[in-house]
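All remarks here apply to the structure that follows.
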Amino acid sequence: MKVISETVSIISLTKDNFEELAKTSNSIIDQNFKYNIEWVIIDGSNKNGNLKNKALIKKIEIKKKSSIKISHHNTNILNIKGIYPCMNYGLKIAKGNSIIFLNSGDKFYGSNSLELMYERLKDLKIVNSFVFGQAKIIYSKNLSWKFPGSRLNNIKKWLKYFDPNHQSMLISKKLAKKILFEENCSIISDGIWKRKIINYAEKFDYINEPVINFYLNGVSNMKPTIKIATNQIRNKEVTIIRKIIIILKLLIPKKIYYIYPFIQKYKSLLIDFIF
(Lines give C-alpha, C1' and ligand atoms only; values in the text may rest on other atoms or scores of the structure.)
Protein backbone atom coordinates (compact mmCIF):
# COMPACT_ATOMS: atom_id res chain seq x y z
CA MET A 1 0.00 0.00 0.00
CA LYS A 2 1.33 3.43 -0.93
CA VAL A 3 2.52 5.59 1.97
CA ILE A 4 1.27 8.97 0.82
CA SER A 5 2.39 10.93 3.88
CA GLU A 6 6.10 10.63 3.13
CA THR A 7 7.66 13.01 0.63
CA VAL A 8 11.10 13.70 -0.81
CA SER A 9 11.80 17.23 -2.04
CA ILE A 10 13.96 17.47 -5.16
CA ILE A 11 15.27 21.01 -5.68
CA SER A 12 16.40 21.89 -9.21
CA LEU A 13 18.00 25.15 -10.33
CA THR A 14 17.79 26.02 -14.02
CA LYS A 15 18.64 29.00 -16.21
CA ASP A 16 18.18 29.12 -19.97
CA ASN A 17 18.98 25.42 -20.47
CA PHE A 18 15.69 23.83 -21.44
CA GLU A 19 17.22 20.66 -22.87
CA GLU A 20 19.11 19.98 -19.66
CA LEU A 21 16.00 20.48 -17.53
CA ALA A 22 14.13 18.05 -19.79
CA LYS A 23 16.82 15.42 -19.12
CA THR A 24 16.43 15.91 -15.37
CA SER A 25 12.64 15.74 -15.61
CA ASN A 26 12.82 12.41 -17.46
CA SER A 27 15.14 11.05 -14.80
CA ILE A 28 12.72 12.05 -12.02
CA ILE A 29 9.63 10.71 -13.79
CA ASP A 30 11.39 7.39 -14.43
CA GLN A 31 11.97 6.75 -10.72
CA ASN A 32 10.30 3.68 -9.24
CA PHE A 33 9.40 5.47 -6.02
CA LYS A 34 6.54 4.39 -3.77
CA TYR A 35 6.45 7.65 -1.83
CA ASN A 36 5.66 11.21 -2.91
CA ILE A 37 7.99 13.57 -4.75
CA GLU A 38 7.87 17.35 -4.44
CA TRP A 39 9.85 18.78 -7.36
CA VAL A 40 10.82 22.40 -6.69
CA ILE A 41 12.09 24.17 -9.82
CA ILE A 42 13.94 27.45 -9.21
CA ASP A 43 14.01 29.12 -12.63
CA GLY A 44 16.26 32.05 -13.50
CA SER A 45 15.64 31.81 -17.24
CA ASN A 46 14.73 34.75 -19.45
CA LYS A 47 11.11 35.28 -20.48
CA ASN A 48 11.21 32.83 -23.39
CA GLY A 49 13.05 30.25 -21.29
CA ASN A 50 10.46 30.51 -18.54
CA LEU A 51 7.65 29.97 -21.04
CA LYS A 52 9.39 26.89 -22.48
CA ASN A 53 9.91 25.48 -18.99
CA LYS A 54 6.27 26.08 -18.10
CA ALA A 55 5.22 24.24 -21.25
CA LEU A 56 7.51 21.35 -20.25
CA ILE A 57 5.94 21.26 -16.79
CA LYS A 58 2.43 21.16 -18.29
CA LYS A 59 3.42 18.17 -20.42
CA ILE A 60 4.88 16.44 -17.37
CA GLU A 61 1.75 17.12 -15.34
CA ILE A 62 -0.33 15.41 -18.02
CA LYS A 63 1.93 12.34 -18.22
CA LYS A 64 3.42 12.24 -14.72
CA LYS A 65 2.76 9.80 -11.95
CA SER A 66 0.17 11.16 -9.52
CA SER A 67 2.75 11.09 -6.72
CA ILE A 68 4.84 13.91 -8.24
CA LYS A 69 3.94 17.50 -7.35
CA ILE A 70 5.76 20.24 -9.28
CA SER A 71 6.18 23.86 -8.21
CA HIS A 72 7.81 26.40 -10.56
CA HIS A 73 9.38 29.56 -9.14
CA ASN A 74 10.51 32.44 -11.37
CA THR A 75 13.48 34.14 -9.69
CA ASN A 76 13.07 37.23 -11.87
CA ILE A 77 9.64 37.82 -10.35
CA LEU A 78 10.89 36.89 -6.88
CA ASN A 79 13.94 39.16 -7.37
CA ILE A 80 16.38 36.46 -6.27
CA LYS A 81 19.79 36.59 -7.93
CA GLY A 82 22.69 34.16 -7.75
CA ILE A 83 23.05 30.41 -7.36
CA TYR A 84 23.26 30.27 -3.59
CA PRO A 85 20.38 32.66 -2.81
CA CYS A 86 18.31 30.44 -5.13
CA MET A 87 19.43 27.28 -3.34
CA ASN A 88 18.57 28.85 0.00
CA TYR A 89 15.13 29.78 -1.31
CA GLY A 90 14.61 26.19 -2.37
CA LEU A 91 15.62 24.95 1.08
CA LYS A 92 13.25 27.35 2.80
CA ILE A 93 10.16 26.36 0.82
CA ALA A 94 10.80 22.60 0.53
CA LYS A 95 8.26 20.58 2.51
CA GLY A 96 9.51 17.01 2.14
CA ASN A 97 10.77 14.69 4.86
CA SER A 98 14.16 14.78 3.14
CA ILE A 99 15.84 16.97 0.54
CA ILE A 100 18.14 16.45 -2.43
CA PHE A 101 19.52 18.94 -4.98
CA LEU A 102 19.33 17.80 -8.60
CA ASN A 103 20.01 20.73 -10.89
CA SER A 104 19.12 20.88 -14.56
CA GLY A 105 21.22 18.35 -16.45
CA ASP A 106 21.74 16.12 -13.40
CA LYS A 107 20.25 12.63 -13.53
CA PHE A 108 19.68 9.75 -11.18
CA TYR A 109 21.88 6.78 -12.05
CA GLY A 110 19.00 4.31 -12.31
CA SER A 111 15.25 4.07 -11.89
CA ASN A 112 15.60 2.77 -8.31
CA SER A 113 18.24 5.25 -7.10
CA LEU A 114 15.91 7.55 -5.15
CA GLU A 115 14.09 4.62 -3.54
CA LEU A 116 17.42 3.12 -2.45
CA MET A 117 18.58 6.38 -0.90
CA TYR A 118 15.29 7.09 0.85
CA GLU A 119 14.96 3.61 2.38
CA ARG A 120 18.52 3.79 3.68
CA LEU A 121 17.82 7.21 5.19
CA LYS A 122 14.63 5.91 6.85
CA ASP A 123 16.57 3.01 8.35
CA LEU A 124 18.83 5.45 10.23
CA LYS A 125 15.82 6.67 12.29
CA ILE A 126 17.68 9.88 13.18
CA VAL A 127 16.30 13.35 12.39
CA ASN A 128 19.77 14.87 11.82
CA SER A 129 21.10 12.42 9.27
CA PHE A 130 22.03 11.93 5.62
CA VAL A 131 22.91 9.22 3.17
CA PHE A 132 25.06 9.44 0.10
CA GLY A 133 26.17 7.15 -2.67
CA GLN A 134 28.71 7.14 -5.43
CA ALA A 135 28.50 9.66 -8.23
CA LYS A 136 29.35 8.42 -11.69
CA ILE A 137 31.48 11.26 -12.99
CA ILE A 138 31.09 11.56 -16.76
CA TYR A 139 33.38 13.73 -18.88
CA SER A 140 32.96 11.95 -22.21
CA LYS A 141 31.96 8.59 -23.65
CA ASN A 142 35.50 7.37 -23.07
CA LEU A 143 36.21 8.99 -19.71
CA SER A 144 34.19 8.31 -16.58
CA TRP A 145 34.77 7.08 -13.03
CA LYS A 146 33.05 6.57 -9.68
CA PHE A 147 33.47 8.95 -6.76
CA PRO A 148 34.08 7.67 -4.13
CA GLY A 149 35.65 4.63 -5.76
CA SER A 150 34.43 1.06 -5.29
CA ARG A 151 37.68 -0.11 -3.67
CA LEU A 152 37.44 2.38 -0.82
CA ASN A 153 37.66 0.65 2.59
CA ASN A 154 37.27 3.44 5.14
CA ILE A 155 34.44 5.85 4.29
CA LYS A 156 34.63 7.65 7.66
CA LYS A 157 38.27 8.50 7.06
CA TRP A 158 37.46 9.55 3.49
CA LEU A 159 34.80 11.97 4.75
CA LYS A 160 37.37 13.76 6.92
CA TYR A 161 39.14 14.97 3.80
CA PHE A 162 36.62 14.85 0.95
CA ASP A 163 33.01 15.83 0.28
CA PRO A 164 30.45 13.84 -1.71
CA ASN A 165 28.77 15.37 -4.75
CA HIS A 166 25.77 17.20 -3.34
CA GLN A 167 23.60 15.54 -6.00
CA SER A 168 24.41 12.18 -4.39
CA MET A 169 23.30 13.31 -0.90
CA LEU A 170 19.79 12.80 0.49
CA ILE A 171 19.50 14.79 3.70
CA SER A 172 16.87 14.77 6.43
CA LYS A 173 14.68 17.87 6.39
CA LYS A 174 15.72 19.06 9.84
CA LEU A 175 19.43 18.84 9.06
CA ALA A 176 19.18 20.35 5.57
CA LYS A 177 17.17 23.35 6.75
CA LYS A 178 19.45 23.93 9.73
CA ILE A 179 22.26 25.09 7.46
CA LEU A 180 21.94 27.68 4.69
CA PHE A 181 24.43 28.32 1.92
CA GLU A 182 26.80 31.23 2.46
CA GLU A 183 25.71 33.57 -0.30
CA ASN A 184 28.93 35.59 -0.55
CA CYS A 185 31.38 32.69 -0.96
CA SER A 186 31.35 32.38 -4.74
CA ILE A 187 31.67 28.79 -6.06
CA ILE A 188 32.88 27.27 -2.75
CA SER A 189 29.64 27.72 -0.82
CA ASP A 190 28.32 24.27 -1.70
CA GLY A 191 31.53 22.71 -0.35
CA ILE A 192 31.18 24.65 2.91
CA TRP A 193 27.51 23.63 3.16
CA LYS A 194 28.34 19.94 2.64
CA ARG A 195 31.11 20.07 5.24
CA LYS A 196 28.71 21.53 7.80
CA ILE A 197 26.10 18.88 6.96
CA ILE A 198 28.72 16.19 7.57
CA ASN A 199 29.86 17.76 10.86
CA TYR A 200 26.34 18.36 12.24
CA ALA A 201 24.95 14.97 11.27
CA GLU A 202 24.35 12.56 14.13
CA LYS A 203 24.45 9.61 11.76
CA PHE A 204 25.04 8.84 8.09
CA ASP A 205 25.04 5.86 5.74
CA TYR A 206 27.07 5.26 2.61
CA ILE A 207 25.75 3.43 -0.45
CA ASN A 208 28.63 1.73 -2.24
CA GLU A 209 27.12 2.02 -5.71
CA PRO A 210 26.30 4.90 -8.09
CA VAL A 211 23.13 6.86 -7.37
CA ILE A 212 23.58 9.81 -9.76
CA ASN A 213 25.29 10.72 -13.01
CA PHE A 214 27.35 13.90 -12.75
CA TYR A 215 28.46 15.49 -16.00
CA LEU A 216 31.80 17.24 -15.67
CA ASN A 217 31.13 20.33 -17.74
CA GLY A 218 30.31 23.06 -15.23
CA VAL A 219 32.11 25.73 -13.20
CA SER A 220 33.92 23.12 -11.09
CA ASN A 221 35.74 21.93 -14.22
CA MET A 222 36.97 25.38 -15.25
CA LYS A 223 40.25 27.06 -14.43
CA PRO A 224 39.64 29.39 -11.45
CA THR A 225 40.56 33.07 -11.51
CA ILE A 226 43.19 34.28 -9.04
CA LYS A 227 40.45 36.11 -7.10
CA ILE A 228 38.30 32.98 -6.75
CA ALA A 229 41.30 30.79 -5.90
CA THR A 230 42.49 33.24 -3.22
CA ASN A 231 38.98 33.38 -1.75
CA GLN A 232 38.89 29.58 -1.44
CA ILE A 233 42.44 29.20 -0.09
CA ARG A 234 41.84 31.77 2.66
CA ASN A 235 38.52 30.30 3.73
CA LYS A 236 38.86 28.33 7.00
CA GLU A 237 35.99 26.01 6.01
CA VAL A 238 37.93 24.62 3.01
CA THR A 239 39.94 21.47 3.76
CA ILE A 240 43.71 21.36 3.23
CA ILE A 241 43.38 18.78 0.45
CA ARG A 242 40.79 20.92 -1.28
CA LYS A 243 43.15 23.92 -1.07
CA ILE A 244 45.92 21.86 -2.66
CA ILE A 245 43.56 20.92 -5.50
CA ILE A 246 42.67 24.61 -5.98
CA ILE A 247 46.37 25.54 -6.21
CA LEU A 248 46.97 22.77 -8.76
CA LYS A 249 44.02 23.96 -10.84
CA LEU A 250 45.43 27.48 -10.74
CA LEU A 251 48.91 26.35 -11.80
CA ILE A 252 47.79 24.24 -14.77
CA PRO A 253 48.21 26.37 -17.93
CA LYS A 254 44.86 27.15 -19.51
CA LYS A 255 45.95 25.86 -22.92
CA ILE A 256 46.44 22.34 -21.51
CA TYR A 257 43.53 22.47 -19.08
CA TYR A 258 41.84 19.67 -21.01
CA ILE A 259 44.00 17.21 -18.99
CA TYR A 260 42.30 18.23 -15.73
CA PRO A 261 39.52 15.58 -15.98
CA PHE A 262 42.21 12.89 -16.38
CA ILE A 263 43.95 14.23 -13.26
CA GLN A 264 40.66 14.02 -11.38
CA LYS A 265 40.11 10.41 -12.42
CA TYR A 266 43.55 9.23 -11.37
CA LYS A 267 43.39 11.28 -8.19
CA SER A 268 40.21 9.34 -7.34
CA LEU A 269 41.99 6.01 -8.02
CA LEU A 270 44.86 7.10 -5.78
CA ILE A 271 42.44 8.01 -3.00
CA ASP A 272 40.97 4.50 -3.23
CA PHE A 273 44.44 3.05 -2.72
CA ILE A 274 45.24 5.30 0.26
CA PHE A 275 41.94 4.87 2.12
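The values are calculated or read from the model by the stated rules, or taken from the named source; none is laboratory data. What you are looking at is a predicted structure, and each value in this text was computed from that prediction instead of being measured. Note that each Cβ is placed from the backbone with ideal geometry, even for glycine, and that neighbours are counted across all protein chains shown. The accessibility values were calculated without ligands, DNA or RNA, using every heavy atom of the protein model including side chains. Shrake-Rupley method; radii C 1.70, N 1.55, O 1.52, S 1.80 Å.
Just a few scattered comments:
- When we screen 256, 240 for residues that are exposed (fewer than 12 other Cβ atoms within 10 Å of the Cβ), of a type outside the set (Asp, Glu) and at pLDDT below 70, the only hit is 256.
- Residue in the stretch 160-173 that is at pLDDT 85 or above, out of contact with any strand residue (DSSP E or B) (no Cβ under 7 Å at 6 or more places or on another chain) and surrounded by 14 or more Cβ atoms within 10 Å (Cβ to Cβ) present: yes
- Failed item in (1) among the aliphatic types (A, V, I, L, M); (2) out of contact with any strand residue (DSSP E or B) (no Cβ under 9 Å at 6 or more places or on another chain); (3) part of a loop (DSSP other than H, G, I, E, B), with residue 188 passing the rest: (3)
- Screening residue 182 on (1) crowded, with 17+ Cβ neighbours inside 10 Å; (2) modelled with pLDDT of 90 or more shows it passes everything except condition (2).
- Here residue 140 passes the criteria (1) modelled with pLDDT of 90 or more; (2) within 18 Å of residue 210 (Cβ to Cβ) except the one numbered (1).
- Taken over the stretch 24-44, the criterion of being in contact (Cβ under 8 Å) with a residue 60 or more places away in the chain and in contact with a Gly (Cβ under 7 Å, 6 or more places away or on another chain) is satisfied by 24 alone.
- Counting only strands (runs of 3 or more DSSP E) that sit wholly inside the stretch 56-148, those with at least 2 residues that are farther than 23 Å from residue 172 by Cβ, open to solvent by 40 Å² or more (accessible area, probe 1.4 Å) and of a type in the set (Ser, Thr, Tyr) are 129-140.
- Breaking point among (1) farther than 22 Å from residue 51 by Cβ; (2) in contact with a strand residue (DSSP E or B) (Cβ under 6 Å, 6 or more places away or on another chain), for residue 90: (1)
- Pick from the stretch 176-208, criterion of a type in the set (S, T, N, Q) and closer than 21 Å to residue 245 by Cα, ranking: farthest from the chain's Cα centre (by Cα): 186
- Within the stretch 1-21, being open to solvent by less than 20 Å² (accessible area, probe 1.4 Å) and among the small types (Gly, Ala, Ser) holds for 9, 12.
- Condition met for residue 43 (modelled with pLDDT under 95 and farther than 20 Å from residue 183 by Cβ): no
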